[in-house]
Amino acid sequence: MKASILLALVCTAVLAAGARAETPREPEALVRKVQEYAQKATDMAKTALSMVQDSEVAQQARRWLSDHADLAKQRLAWLKEQLVELWKKAPAA
């Protein structure tokens with residue numbers, strides 16, 4: 001979940017808690033309600049992130065990235081070897 005969505009949820013929670021507060025002289029109740037809403041939003045975000053990370057699509061994407069990262073490393077090593085050989089063959093100026 002993006003940070004902007006989480007921020008929007010927290011702001012909504014603050015507004016809702018303010019609307020639910022019986023009197024403006026109860027800041028402790030307001031703070032407690034905001035904390036409860038923020039905790040609920042955090043739990044929802046963690047659950048959603050966990051579901052995405054555990055999904056089959058995410059696992060396939062991680063495998064694909066891992067496989068292709070190894071291939072990219074191999075090609076980079078080969079390119080370095082070729083450049084070293086070319087450097088050795090170049091006449092000194």
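The values are calculated or read from the model by the stated rules, or taken from the named source; none is laboratory data. Since this is a predicted model, take the numbers as computed values, not measurements. For neighbour counting, all protein chains shown are included, and Cβ atoms are generated from backbone atoms with ideal geometry for every residue, glycine included. Heavy atoms of the whole protein, side chains included, go into the accessibility calculation; ligands, DNA and RNA do not. Shrake-Rupley method; radii C 1.70, N 1.55, O 1.52, S 1.80 Å.
Every residue, every condition in (1) of a type in the set (D, E, K, R); (2) more than 29 Å from Leu7 (Cβ to Cβ), yes or no:
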| residue | (1), (2) |
| --- | --- |
| Glu36 | yes, no |
| Lys40 | yes, no |
| Ala48 | no, no |
| Val57 | no, no |
| Ala61 | no, no |
| Ala69 | no, yes |
| Lys73 | yes, yes |
| Glu81 | yes, yes |
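Within the stretch 23-75, being hydroxyl-bearing (Ser, Thr, Tyr) and outside any helix (DSSP H, G or I) holds for Thr23, Ser55. Quick check on the stretch 49-66: of everything there that is surrounded by 10 or more Cβ atoms within 10 Å (Cβ to Cβ) and of a type in the set (D, E, K, R), which residue is farthest from the chain's Cα centre (by Cα)? Within the stretch 49-66, the match that is farthest from the chain's Cα centre (by Cα) is Arg63.
With respect to (1) at pLDDT 90 or above; (2) open to solvent by 100 Å² or more (accessible area, probe 1.4 Å), the lone exception for Gln82 is condition (2). Scanning the stretch 33-48 for residues that are among the acidic types (Asp, Glu) and open to solvent by less than 80 Å² (accessible area, probe 1.4 Å) yields a single hit, Asp43.
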